[in-house]
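Written below as structure tokens is the structure these notes are about.
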Amino acid sequence: MDDFALGVLTNIGLFSFLALSAYLLLVAGEMSFGQQAFFGIGAYAGGMLTALYGWPLPLAALAAMALGGLAQLLVGLPTLRLRGLTFAMATLAAAEMFRILFELFHWRVERGGELAGPDGTQGFRGIRWIFEHGIEPADYLLLVYALLAAVLALLLWMERSRLGAALRGVGLDPELAASVGIDVRRVKLGVAAAAGALAALGGVLFAHHNTYVEPRNFDIMLGVHSLAYALIGGLGTALGPLLGVALDIGLLESTQYFHGYRMIVFGGLVAVLLVFRPRGLLDERMVTWIRQRFS
Amino acid sequence: MLELRSLARHFGGVRAVDGLNLTVQDGQIFGLIGPNGSGKSTTVNVIAGLLPPTAGTILFRGEDIGPLPTHRRLRAGIARTFQNIRLFGQLSVWQNLWVAQNSAEDLARRGFFTRWLGGQSGVRDEIARLLEFSGLAHKQNELAANLAFGEQRRLELARALAARPKLLLLDEPAAGMNSEEVGQLRERILSLRGSGVTILLVEHVMELVMGVTDRIAVLNFGQKIAEGTPAEIQAHPAVRKAYLGGEAA
Ligand SMILES: Nc1ncnc2c1ncn2[C@@H]1O[C@H](COP(=O)(O)OP(=O)(O)OP(=O)(O)O)[C@@H](O)[C@H]1O
Ligand SMILES: [Mg+2]
């Protein structure tokens with residue numbers, strides 16, 4: 001496999017974590033324009049732990065996930081209500097705030113005779129754990145996809161449980177969910193924490209893939225894309241957002257065909273879908289239909 | 001079972017419910033009737049916790065449930081159906097019943113993880129029974145949105161029962177039904193009598209109300225204008241006046 005294809009495939013995998021985190025919130029009826037912030041928190045925290053403090057990547061990833069989950073929980077606590085756009089606005093504001101904080105964030109420590117660590121707008125270089133441990137790009141690709149498969153399996157299993165049905169119920173009609181005895185706020189807070197952790201995991205893997213991150217990586221367009229991936233792919237199954245990512249990165253960004261027109265095609269696709277399939281390509285109806293065909 | 005004391009709910013200047021006193025005894029089927037806009041649905045919504053009251057107290061089994069949020073009222077034993085059918089349209093019939101199993105008994109019997117992440121095996125029988133009761137067994141894997149109107153009404157009732165209610169609030173369960181369906185609904189409601197559930201039935205279809213209730217209260221402009229047995233209510237001049245607009249008084 002050539003480097004380009006490897007890069008594209010790895011990116012599809014990495015952004016899938018972000019798309020899945022946006023998806024989880026959408027299923028629970030909450031729109032987030034700010035998942036890039038938790039992706040960024042994961043990237044910075046995970047990168048700092050391995051590059052500056054010598055943590056092994058798995059441990060750093062777990063810590064970064066905990067931090068990402070906590071951060072999103074804190075955004076959710078005052079803003080997740082039964083109804084309304086409060087949470088959407090808060091995530092957007094929080095994401096911009098975090099991006100600015102990354103720009104102001106200088107944490108330089110000496111590593112092997114040189115200063116390393118986040119350097120404001122200069123970014124954060126030298127996140128080299130996978131090279132120091134002799135992991136080839138192709139192996140890393142496998143690692144990313146193995147983790148993605150594990151997350152996906154967990155989500156698909158959860159979706160078939162009563163919790164999964166309740167989560168969907170909360171998203172479809174929160175008042176009705178409360179009326180049948182579901183603690184809507186608690187479900188939403190749980191989802192927020194899970195979504196934050198998932199985005200952070202993607203961020204850790206992103207930072208170690210690129211070895212370099214900068215605040216600009218985590219701008220609003222990344223959040224809008226991840227939201228669109230989930231909306232295009234569909235809210236009927238956790239496979240939906242992956243379809244969205246694959247369509248955008250795999251088809252639009254990677255083929256030269258749409259070169260220069262990518263955002264126009266992408267935006268058009270989102271607009272058309274929102275009108276004709278408001279819950280995406282793989283919506284509940286489609287998933288039920290497929291399930292009935294193959295069982 | 002249920003006692004409303006000077007209950008009020010205003011929407012701006014509209015006094016939808018205005019100083020309502022009502023007592024429903026254990027095991028009763030209690031009818032709540034009144035002209036359009038007289039405050040019946042508002043009363044149900046306030047009891048179920050979807051709307052906070054403007055004033056007054058709601059006692060459920062002797063306790064003030066005012067501070068309880070909606071989901072806790074369900075767990076305490078109050079389940080309801082909606083005048084405008086509300087189901088999780090994108091969930092299957094089976095799942096609609098599954099997610100509604102949140103009674104105090106269910107909470108006590110199964111641990112947190114079993115309840116939310118455990119499989120379907122422990123609840124199959126009970127859901128099968130509910131599907132049987134509502135005649136929806138053959139539709140269990142269908143999305144609720146794909147059901148016919150009458151089936152959706154039946155699913156709503158089954159869903160309310162999935163919560164093992166002590167008090168069941170039915171908001172116009174016969175609305176839009178033909179007389180055959182009303183007959184079936186009547187049988188279903190009567191079959192619940194004696195199973196220990198108390199019912200507050202809001203209904204316009206007099207054939208149903210008069211046939212199943214033990215006692216009826218009549219609302220007009222948010223206030224109770226009469227209360228009594230079905231026979232007393234049918235003979236009550238104020239009721240005839242409220243319904244027929246004065247000519248019959
Ligand atoms: N959410 C609301 N906001 C404003 N006004 C409301 C609201 N809900 C109900 N009302 C008003 O309160 C009054 C009582 O309405 P309610 O729905 O309780 O009547 P009802 O007895 O259930 O009538 P129907 O037989 O038509 O169902 C009406 O005047 C209605 O317009
Ligand atoms: Mg009504």
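So the values come out like this:
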quantity	calculated
Any hit, region B:240-249, residues being open to solvent by less than 60 Å² (accessible area, probe 1.4 Å), among the aliphatic types (A, V, I, L, M) and either closer than 24 Å to residue B:96 by Cβ or modelled with pLDDT under 90 (or both)	yes
Any hit, region A:58-66, residues being within 17 Å of the chain's Cα centre (by Cα) and open to solvent by 70 Å² or more (accessible area, probe 1.4 Å)	yes
Meets criteria (open to solvent by less than 30 Å² (accessible area, probe 1.4 Å) and either more than 11 Å from ligand 1 (Cβ to nearest atom) or within 14 Å of chain A (Cβ to nearest Cβ) (or both)) for residue B:22	yes
Every residue from region B:149-175 that is out of contact with any Lys or Arg (no Cβ under 6 Å at 6 or more places or on another chain), within 16 Å of ligand 1 (Cβ to nearest atom) and either open to solvent by less than 10 Å² (accessible area, probe 1.4 Å) or among the aliphatic types (A, V, I, L, M) (or both)	B:156, B:170, B:171, B:174, B:175
Test: residue B:223 is of a type in the set (S, T, N, Q), within 27 Å of residue B:59 (Cβ to Cβ), in contact (Cβ under 8 Å) with a residue 12 or more places away in the chain and open to solvent by 70 Å² or more (accessible area, probe 1.4 Å)	yes
Residue list for region B:61-90, restricted to those being touching a Leu at 6+ places or on another chain (Cβ under 7 Å) and facing chain A (nearest Cβ under 10 Å)	B:70, B:75, B:76, B:78, B:79, B:80, B:81, B:86, B:87, B:88, B:89, B:90
Residue B:9 within 14 Å of ligand 2 (Cβ to nearest atom), outside any loop (DSSP other than H, G, I, E, B) and of a type in the set (Lys, Arg)	yes
Filter pass, residue A:102 being of a type in the set (Phe, Trp, Tyr), under 21 Å from residue A:217 (Cα atoms), in a helix (DSSP H, G or I) and touching a residue at least 24 places away in the same chain (Cβ under 8 Å)	yes
Flag if residue B:107 is more than 16 Å from ligand 1 (Cβ to nearest atom), touching a helix residue (DSSP H, G or I) at 6+ places or on another chain (Cβ under 7 Å) and assigned by TED's automatic domain parsing to the domain that holds residue B:140	yes
Residues (within 14 Å of chain A (Cβ to nearest Cβ) and either more than 9 Å from ligand 2 (Cβ to nearest atom) or more than 14 Å from residue B:167 (Cα to Cα) (or both)) located in region B:27-44	B:41
Residue in region A:137-157 that is over 23 Å from the mean Cα position of the chain (by Cα) and surrounded by fewer than 19 Cβ atoms within 10 Å (Cβ to Cβ) present	no
Only listed residue being touching a Lys or Arg at 6+ places or on another chain (Cβ under 9 Å) and more than 14 Å from chain B (Cβ to nearest Cβ), chosen from A:215, A:241	A:215
Test: residue in region A:32-41 that is open to solvent by 10 Å² or more (accessible area, probe 1.4 Å) and closer than 23 Å to residue A:168 by Cα	yes
Some residue of region A:77-86 being closer than 23 Å to residue A:155 by Cα and open to solvent by less than 10 Å² (accessible area, probe 1.4 Å)	yes
Residue pairs meeting the criteria (Cβ under 6 Å; at least 6 apart or on separate chains; first more than 8 Å from every other protein chain (Cβ to nearest Cβ), in region A:273-285; second assigned to a loop (DSSP other than H, G, I, E, B))	A:280/A:234; A:280/A:235; A:281/A:234; A:282/A:234; A:282/A:236; A:282/A:237
Pick from region B:45-56, criterion more than 16 Å from ligand 2 (Cβ to nearest atom) and within 16 Å of residue B:224 (Cβ to Cβ), ranking: farthest from the other protein chains (Cβ to nearest Cβ)	B:55
Residue identified as small (Gly, Ala, Ser) and open to solvent by less than 20 Å² (accessible area, probe 1.4 Å) among A:194, A:166	A:166
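For every residue, the table says whether it meets (1) more than 16 Å from ligand 1 (Cβ to nearest atom); (2) more than 13 Å from the chain's Cα centre (by Cα); (3) farther than 19 Å from residue B:216 by Cβ.
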site: B:14; (1), (2), (3): no, yes, yes
site: B:37; (1), (2), (3): no, yes, no
site: B:51; (1), (2), (3): no, yes, yes
site: B:61; (1), (2), (3): yes, yes, yes
site: B:67; (1), (2), (3): yes, yes, yes
site: B:74; (1), (2), (3): yes, no, yes
site: B:84; (1), (2), (3): no, no, yes
site: B:94; (1), (2), (3): yes, yes, yes
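The values are calculated or read from the model by the stated rules, or taken from the named source; none is laboratory data. Everything numeric here is computed off the predicted structure, so don't read it as measured data. Here Cβ is always computed from backbone atoms with ideal geometry, including for glycine, and neighbour counts include all displayed protein chains. Surface accessibility is based on the protein's heavy atoms, side chains included, excluding ligands, DNA and RNA. Shrake-Rupley method; radii C 1.70, N 1.55, O 1.52, S 1.80 Å.
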